[in-house]
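Take a look at the structure below.
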Amino acid sequence: MAESIQKEDWERFRALGKVPKSIREVVLQSWRRTETRREIPSLKRAPRVTSHELEALRERSSMLRASANSVLNRAGTLLLDTGSIVLMCDANGIVLDADGDRAVLERASENHLHLGGRWNEDAIGTNAIGTALHLRRPVQIDGVEHFCEEIQRWSCAATPVLHPVNGALMGVVDISGPAGSNQRHAALVSASLAAEIGGRLREEAEEERQKLVATLLATRRYWSDDEVLLLDRFGGEVFATELFPDRAPEFGDVGAVRDRVRNLREIPPERLVDALAEAMPAAEIEIVEDGGSALGAMIVLPSRRRRRRTQDGPGLGLDWISGGGPEMERLCERAARLGATHLPVLIEGETGVGKELLARAIARAAHAGRPFEMVYCGELTADRLREEDDGAGRIARLLRSVLRSGGVLCLDEPAAAAPDVQSLLFHLLKAEGISHAHETQARVIALSGTDLHAALQAGQIRSDLYFMLNGARLHVPPLRERPADIRRLARHFAEQFHAKGNRGPLRFTPPAMERLQVHDWPGNVRQLRNLVEQLSALSMTGLIELGDLPPEIVAPPAASGEASLRASEKQRILDVLNETGGNLTASAHALGIARSTLYLKLHTHGIQRPAGNAG
């Protein structure tokens, strides 16, 4: 497009306010918006943000840049030696990426028409980038049509990129070249690139919705009685249960949640959950992430029945326990099959892994409504198991009563009992038909924190008692091998411990929850439960951030056996950062971890975040 005016027209407008007859309306209106800014005509270049500010702006526009990357790379290659360059700017007109003719790029840097340059109208007056952003439509500005005299050396065509889902202004694609050169193709190329980027944004949005639905289906067993709303990151409804709108007012302002979800990627990760929970403090809110990026949010309104159940504090069933990952699912499937028999069951696992929890779940599934008696064998004495009628044998009578009523007798640490106690216990169980499961409706479940077979070989348990108890064997893996369980258990315990009538249960920021999930939990589920109870009692806000966790969890000291592994991991991270030039997104991808997890590892290893990171 040729200039609609001459240099004299611009000079008369500046000096006398005279409007050129041939000026295009889009240019005149932009001049009108700009003329009060007296300093703009004398500017030699556009303002420019610092390298750190540019890094932050690129991070904030990561979705746009990811969709535009391949499009711009191809365009840059096609524009080599054509006298044109392509610029990708954010919604404020700041240049995020630039490519194309190398000589023109070099010349453009003189006016900051390159990375970090700020090209909105307020900063540099009438120009294609700023005017297109203001009007939200394609604009071409040639030569003297620019309000700043120094910028009149350029001819530019810019097209806004609007998100296809909600129409949000994402940024602008600009094609620029020297004024007076043949730039007739610029408007068409700019519009074509913006359309292609918009199409990629649409595809990405559809993929994100599919991932949100997959998350919903994967977690459905946990909220089958609850009301659920699933929002995408634009605040759009992906799914809602029928009664969610009716119950939502009990929990807070769902409209405010929708508004805040629209800014998911603008809010720092440590503030995401808090920002949403402020609007619905009594609801359970989870940020759905993929690769460290927020895709949306799931808002769960616990059913009245579940709220009563968690407040009353009974145990959890096999269905719930099986949600802790594939290994726990297989364990619970086997436990359910055993529940259909009356075989004695031996449950082994480290201290605190939840052996009693599994035992009670088996009892509820197969012996609902019948007695469940837990006995720590280390405290049993021979006198308490003998059946004299003077009262000393009341434990023996209690155990017989449980077994004869078809209940469940749970023996904790049978190897801890004295030899004479083990003998009496064996004969008591034998007399009640436990050695022949088909003769009784009762069930005996034994719990052991150590390998009971090893205890047999060491002479710590009688062989007859061992083989009686070991009808079927289940092993509960330690919590460190069940990262999927940590989030669920923490929330379950938080529900149990939250102050009734004051605020909702504890909420964990993503960095805090990630730290919990990578901790080794030597005390297993019991340690996690104690931690959540402590945090529930001490937290003033109900939001747990990384710094609220105990020091041994935030930065656990490396044991001597772990030192080399930690050093190896640190060196691997440093090597990858060096290979990617400090690009955190590329580094996280190379390491096979989420970007948020990489941040956590940088903190753990004391590695400074690379300056000028572009990823």
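Where a number appears in this text, it was derived from the coordinates with a stated rule and is not lab data. Note that the structure is a prediction, hence the values are computed from the model and not measured. Here the Cβ is made from the backbone with ideal geometry for all residues, glycine too, and neighbour counts use every protein chain on show.
What whole-number value in cubic angstrom gives the convex hull volume per residue for the C-alpha atoms of the stretch 161-251?
Spread over its residues, the Cα hull of the stretch 161-251 gives 111 Å³ apiece.
Pull up all non-local amide H partners of Asp412: gap of 5 or more, or a different chain, and H-to-H distance under 5 Å with H placed in the peptide plane.
Val375, Tyr376, Cys377, Leu447
Can you sort Tyr466, Tyr376 so the residue with the fewest Cβ neighbours within 10 Å comes first? Numbers along the way, then the final one.
Working: Tyr466 20, Tyr376 14.
Ordered from fewest to most neighbouring Cβ atoms within 10 Å, Tyr466, Tyr376 come out as Tyr376, Tyr466.
Between the helical axis of 355-366 and the dominant principal axis of the chain, each derived from Cα atoms, what acute angle in degrees is found, rounded to the nearest 10?
80
Considering amide H positions built from the backbone, and no H for Pro or chain starts, which residues 5 or more places from Leu543, or on another chain, come under 5 Å of its amide H?
Close amide H contacts, sequence-distant or interchain: Arg507.
Project the alpha carbons of the stretch 480-554 onto their principal axes and report the range along each, largest first, in whole Å.
Principal extents (largest minus smallest coordinate, Cα): 36, 22, 18 Å.
Checking the cross-link filter: which lysines have an alpha carbon closer than 22 Å to that of Lys601, excluding same-chain neighbours under 8 positions apart?
Lys570
For the stretch 380-385, just list the computed ³J(HN,Hα) in residue order, Karplus coefficients 6.51, -1.76 and 1.60, θ = phi - 60°, integers in Hz, with x standing in for Gly and Pro.
Once rounded to whole Hz, the list reads 6, 10, 4, 4, 6, 9.
Charges only on Cβ, +1 for Lys and Arg, -1 for Asp and Glu: so what's the dipole of the chain about the Cα centre, in debye to the nearest 20?
With only Lys, Arg, Asp and Glu charged at Cβ, the dipole is about 760 debye.
I need the semi-axes of the equivalent ellipsoid of the stretch 313-477: take the C-alpha gyration tensor, multiply each eigenvalue by 5, square-root it, list largest first in whole angstrom.
Sorted largest first and rounded, they come to 25, 18, 14 Å.
Around Arg370, what is the net charge, scoring Lys/Arg as +1 and Asp/Glu as -1 over all other residues with Cβ under 13 Å from its Cβ?
Here the charged neighbours net out to +3.
Angle check, please: helix 394-404 long axis (alpha carbons) against the longest principal axis of the chain (alpha carbons), in degrees 0 to 90, nearest 10.
Here the helix axis deviates by roughly 70 degrees.
Quick check: the angle from helix 51-60's long axis to the longest principal axis of the chain, C-alpha only, nearest 10 degrees?
60
What ranking do Ile5, Ile544 get, fewest neighbouring Cβ atoms within 10 angstrom at the top?
Ranking Ile5, Ile544 by Cβ neighbours within 10 Å, fewest first, gives Ile5, Ile544.
So which lysines pass the test for Lys44, namely a Cα distance under 23 Å, with those fewer than 8 places away in the same chain ruled out?
List returned: Lys7.
Search the structure for amide H atoms under 5 Å from the amide H of Asp290, placed 1.01 Å from N in the peptide plane, and list their residues when 5 or more places away or on another chain.
HN-HN under 5 Å from Asp290: Leu295.
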